[in-house]
Number of protein chains: 2
Amino acid sequence: MDVSIINIGDELLIGQVVNTNASTMARMLSEAGMAVRRTVVVGDVYQDIWNSVDEAMRSSDAVLVTGGLGPTKDDITKKLLCDYFHSELVESGVALENVRHIFESRGYEMTPVNRAQALVPACCEVLNNDLGTAPCMWFEREGKVLVSLPGVPFEMDWLMRNRVIPKLQETFHTDIIVHKNILVQGIGESFLSDLIEPWETALPENIKLAYLPVAGMVKLRLTGKTRNNQNILNNLNIQIAETVQGLYNLAGSYIVGEDCETLEELVHKTLTEHGLTLATAESCTGGNIARLLTAQAGSSAYFKGGIVAYSNEVKESALGVQHSTLEAHGAVSEETVREMAEGVRECLGADYAIATTGIAGPTGGTPEKPVGTVWVAVASVQGAETKLLQLGSTRRQQNIDRTTNQAFAMLIRMICQKP
Amino acid sequence: MDVSIINIGDELLIGQVVNTNASTMARMLSEAGMAVRRTVVVGDVYQDIWNSVDEAMRSSDAVLVTGGLGPTKDDITKKLLCDYFHSELVESGVALENVRHIFESRGYEMTPVNRAQALVPACCEVLNNDLGTAPCMWFEREGKVLVSLPGVPFEMDWLMRNRVIPKLQETFHTDIIVHKNILVQGIGESFLSDLIEPWETALPENIKLAYLPVAGMVKLRLTGKTRNNQNILNNLNIQIAETVQGLYNLAGSYIVGEDCETLEELVHKTLTEHGLTLATAESCTGGNIARLLTAQAGSSAYFKGGIVAYSNEVKESALGVQHSTLEAHGAVSEETVREMAEGVRECLGADYAIATTGIAGPTGGTPEKPVGTVWVAVASVQGAETKLLQLGSTRRQQNIDRTTNQAFAMLIRMICQKP
């Protein structure tokens, strides 16, 4: 079965808001084994929405529409869906109860404008939106499905996960999908592809491989598909485990971990499981490492803190880097990064420490140390390991992101005692 | 005139990559006064691409297509465009020279696969892509335009700015557009809308207003339009300046600044212009403030460094917060945030300092201090100002973002001595 996505909203067409809804929905559907055929963004224009809905209903099995459900006059989705499905607006008891409940729980009075949120086309089924007042509406016609969701990202996210995807799976009797992520670092995508070519060629037919490269690492995703049956599912899991073993035989030294989406998630999991603590000393990454860790709930269990040592004075005063080291080797040097990592580990009393120093760009390089020259260190009570990166790019954000992932991978390797 | 955007790529349909190209292109076009009617994402499927191109060519004046230009077999855009425009692939001298030049400058040998990048439909005009080997192709038919661009974001970005938008403006004789951004903070969108309603109603007909709310602030954007004529443009600029003055009369106390896209950009500009330095002490924002500042090239001129003081020990040892303060008032308190700001300012030797401490969520609240309780401080040599935020949300990232913008606004107000 395949799905089309339509996101409605003028704000998406002037480019001031990045349309994350489309990618979030596509990822969820894809992970649930449903293919997305097309995604469309249109403004709050009746005829443009109509055309997109009509095309999508012709070409796909299911159509998911977000946006245009607010109580203001621009929002025309409900009116259009009434016309499209030859229905009329009626007040839904379920939806009204939900609006009333949400207003009560926030301590507000429900106004007539709010009450109008409970009006839905008579022919739809309302899927309850626990997080907001806009209804989620499910329509069926001639074996095809259209679902209208609110455009607010966290409401859409919750509804997709808890209402829409389970009901699509049930309606279309979709296969069960099993995913396995393997995080690979220290080898470029094309070299990795050459290295694992024999294994990839020999993959079982029901297991697909995707390369998902991000900032200095590659996420390999295996996707296995099976009918909805417990025995077959167990067999699939065994088959995937064997397949992963084959990958380790070829590329084990580049594999940092499994079953996480990102390296910061893997760091979070590794430190939490081992009961270890971490401190950071960042120069060229400027706080990016700290904020990726602290963006995860529960990070206070292991993250002691970090120092963003942008100036040399701060490297000396807050991290205890020797003045003579900075004089002799410069801020971007193996000696400095080592003292930064050891200094912050000691100063903040952590088991492990990460340090970065480099020239992120776009300018600031010299012939000896061009833009993209970065030193990374990881320190434990047993001492520090350092690594020189030559990123060969003047793009600042890319250099920050690649340095960050390199530091995370080095930390995980040190903790897990991988080579 | 209006434009449709088509982004081609299977990777966009599985949601592993957020389609930033669509929003970047939409923003650039919108800022240049061209309306985007629709954006579509399709996979590397000939018929799906054909249908999207054909629909777009019927409904819009110009169609911009990204992706599908690599040398691999999945990439079918060029073949399809040959068919669509009844043309055939020929080697373009201009494109070949560009490919050769790029390989030479990187010190690589050009292979036959690379040379194939110079093949283009005979009927198109090649717009030189200074940053990559994939050509940018311009097609015209019956007064309409189709442009095919590479999907690599930084190449697309450069080509849009330097080649495509100027040529679209010339071809369609578009109006000149003048934008004016005003950054407003400390008032919600709906209250702001009520406050400035008389001003908004009286706006001149050729000046449009957009509300662009982001994490605790609202960006107001005025857009003025005029024919391409220097005298008229001068008049428009005077008219916009007068309009902005009217806004100050009503909402001046909420206006933080002008002519920037974000508050971090305004902080960057303000500190640079005033020759002042900054240090940060972050607890609940976890490094987000530091990384937003350091993501901007040139931030080392004013940013001394920051301390991410996640644990109480670090608040004491690195920032000099009194043990008795933490004991008596807790980490999330006015007293603590004040000592954090003053401590980091002194310790890192900066003119100004920002500090944050709070409960970002989703859990960790108490009845007295629920999730979303945050204290922010800004310190100068004259002392510190503090502010309590009650964010009323358990969404971690949102709370981090809103705290960050609150801190930036307080800093700018203190430096510029606004109330």
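Each row is one residue, and each column tells you yes or no for (1) touching a Lys or Arg at 6+ places or on another chain (Cβ under 9 Å); (2) at pLDDT below 95; (3) not hydrophobic (A, V, I, L, M, F, W, C).
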position: B:261; (1), (2), (3): yes, yes, yes
position: B:277; (1), (2), (3): yes, no, yes
position: B:300; (1), (2), (3): no, yes, yes
position: B:303; (1), (2), (3): no, no, no
position: B:320; (1), (2), (3): no, yes, yes
position: B:331; (1), (2), (3): yes, no, no
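For region A:7-16, give me each residue that is assigned to a loop (DSSP other than H, G, I, E, B) and either under 18 Å from residue B:32 (Cβ atoms) or facing chain B (nearest Cβ under 7 Å) (or both). Let's see the steps before the verdict.
Pass one, region A:7-16, residues assigned to a loop (DSSP other than H, G, I, E, B): A:9, A:14-16.
A:14, A:15, A:16 - these are the residues of region A:7-16 that are assigned to a loop (DSSP other than H, G, I, E, B) and either under 18 Å from residue B:32 (Cβ atoms) or facing chain B (nearest Cβ under 7 Å) (or both).
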note = Taking region B:112-124 and the residues there that are hydrophobic (A, V, I, L, M, F, W, C) and assigned to a strand (DSSP E or B), the one that is nearest to residue B:5 (Cα to Cα) would be B:120
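Which of the residues that make up region B:42-61 are of a type in the set (S, T, N, Q) and part of a helix (DSSP H, G or I)?
Looking only at region B:42-61, we keep the residues that are of a type in the set (S, T, N, Q), and these are B:47, B:51-52, B:59-60.
If the condition is that a residue be of a type in the set (S, T, N, Q) and part of a helix (DSSP H, G or I), then B:47, B:51, B:52, B:59 are the ones that fit.
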query = Between a first residue in region A:291-312 that is within 7 Å of chain B (Cβ to nearest Cβ) and of a type in the set (S, T, N, Q) and a second residue that is outside any strand (DSSP E or B) and buried (at least 20 other Cβ atoms within 10 Å of the Cβ), which pairs have beta carbons less than 6 Å apart while being 6 or more apart in sequence or on different chains?
reply = A:294/B:286; A:300/B:310
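Restricting region B:152-176 to residues that are out of contact with any Lys or Arg (no Cβ under 6 Å at 6 or more places or on another chain) and outside any helix (DSSP H, G or I), which is farthest from residue B:253 (Cα to Cα)? Outline the logic, then answer.
So the first thing to find is which residues in region B:152-176 are out of contact with any Lys or Arg (no Cβ under 6 Å at 6 or more places or on another chain), and the list is B:152-174, B:176.
So of that shortlist, the ones also outside any helix (DSSP H, G or I) come out as B:152, B:173-174, B:176.
On the way: B:152: 43, B:173: 40, B:174: 37, B:176: 31 Å.
The selected residue is B:152.
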task = Scan region A:373-398 residue by residue and report those that are away from every other protein chain (no Cβ under 14 Å) and part of a loop (DSSP other than H, G, I, E, B).
result = A:381, A:382, A:391
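Take residue B:358 and tell me if it is more than 10 Å from chain A (Cβ to nearest Cβ), touching a residue at least 24 places away in the same chain (Cβ under 8 Å), of a type in the set (Gly, Ala, Ser) and in contact with a helix residue (DSSP H, G or I) (Cβ under 6 Å, 6 or more places away or on another chain).
On the way: more than 10 Å from chain A (Cβ to nearest Cβ): yes; touching a residue at least 24 places away in the same chain (Cβ under 8 Å): yes; of a type in the set (Gly, Ala, Ser): yes; in contact with a helix residue (DSSP H, G or I) (Cβ under 6 Å, 6 or more places away or on another chain): no.
Judged against the criteria, residue B:358 is not a match.
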task = Give me a count of the residues in region B:239-263 that are under 21 Å from residue B:31 (Cβ atoms), outside any strand (DSSP E or B) and not charged (D, E, K, R).
result = 9
task = Would you mind stating whether residue A:8 is touching a Ser or Thr at 6+ places or on another chain (Cβ under 9 Å), more than 25 Å from residue A:220 (Cβ to Cβ) and in contact (Cβ under 8 Å) with a residue 24 or more places away in the chain?
result = yes
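Restricting the search to region B:264-298, which residues are in a helix (DSSP H, G or I), closer than 15 Å to residue A:311 by Cα and not hydroxyl-bearing (Ser, Thr, Tyr)? Lay out the reasoning, then the answer.
Restricting attention to region B:264-298, the residues satisfying the condition of being in a helix (DSSP H, G or I) are B:264-274, B:288-294.
After this cut, where a residue has to be closer than 15 Å to residue A:311 by Cα as well, the list is B:290-291, B:293-294.
B:290, B:291, B:293 - these are the residues of region B:264-298 that are in a helix (DSSP H, G or I), closer than 15 Å to residue A:311 by Cα and not hydroxyl-bearing (Ser, Thr, Tyr).
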task = Run down B:277, B:223, B:285 and say which single residue is touching a His at 6+ places or on another chain (Cβ under 6 Å), touching a residue at least 12 places away in the same chain (Cβ under 8 Å), within 14 Å of chain A (Cβ to nearest Cβ) and β-branched (Val, Ile, Thr).
result = B:223
ask   = Can you name every residue in region A:62-111 that is among the hydroxyl-bearing types (Ser, Thr, Tyr) and part of a helix (DSSP H, G or I)?
value = A:77, A:84, A:105
query = Looking only at residues in region B:91-102 that are more than 32 Å from the chain's Cα centre (by Cα) and crowded, with 17+ Cβ neighbours inside 10 Å, which one is nearest to residue B:145 (Cα to Cα)?
reply = B:92
note = When restricted to B:354, B:359, the only residue of a type in the set (A, V, I, L, M, F, W, C) and under 30 Å from residue B:251 (Cβ atoms) is B:354
task = Starting from residues that are within 29 Å of the chain's Cα centre (by Cα) and small (Gly, Ala, Ser), keep the ones in region B:367-399 and report whichever is surrounded by the fewest Cβ atoms within 10 Å (Cβ to Cβ).
result = B:392
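Quick grid of which residues meet (1) surrounded by 13 or more Cβ atoms within 10 Å (Cβ to Cβ); (2) free of Cβ contacts under 8 Å to residues at least 60 places away in the same chain; (3) not in a strand (DSSP E or B):
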site: B:178; (1), (2), (3): yes, no, no
site: B:182; (1), (2), (3): yes, no, no
site: B:187; (1), (2), (3): yes, no, yes
site: B:190; (1), (2), (3): no, yes, yes
site: B:193; (1), (2), (3): yes, yes, yes
site: B:210; (1), (2), (3): yes, yes, no
site: B:219; (1), (2), (3): yes, yes, no
message = Within region B:1-16, take every residue that is within 23 Å of residue A:212 (Cβ to Cβ) and among the charged types (D, E, K, R) and give me the one that is modelled with the highest pLDDT.
response = B:10
inquiry  = Could you go through region B:324-342 and let me know if any residue there is within 19 Å of residue A:314 (Cβ to Cβ) and surrounded by fewer than 24 Cβ atoms within 10 Å (Cβ to Cβ).
reply    = yes
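Scan B:349, B:364 and give me the residue that is within 14 Å of chain A (Cβ to nearest Cβ), under 25 Å from residue A:309 (Cβ atoms), out of contact with any helix residue (DSSP H, G or I) (no Cβ under 6 Å at 6 or more places or on another chain) and surrounded by fewer than 23 Cβ atoms within 10 Å (Cβ to Cβ).
Working: B:364 fails: under 25 Å from residue A:309 (Cβ atoms).
Only one candidate qualifies: B:349.
The values are calculated or read from the model by the stated rules, or taken from the named source; none is laboratory data. No experiment lies behind these values; they were computed from the predicted model shown. Cβ: placed from backbone, ideal geometry, glycine included. Neighbour counts: every protein chain shown.
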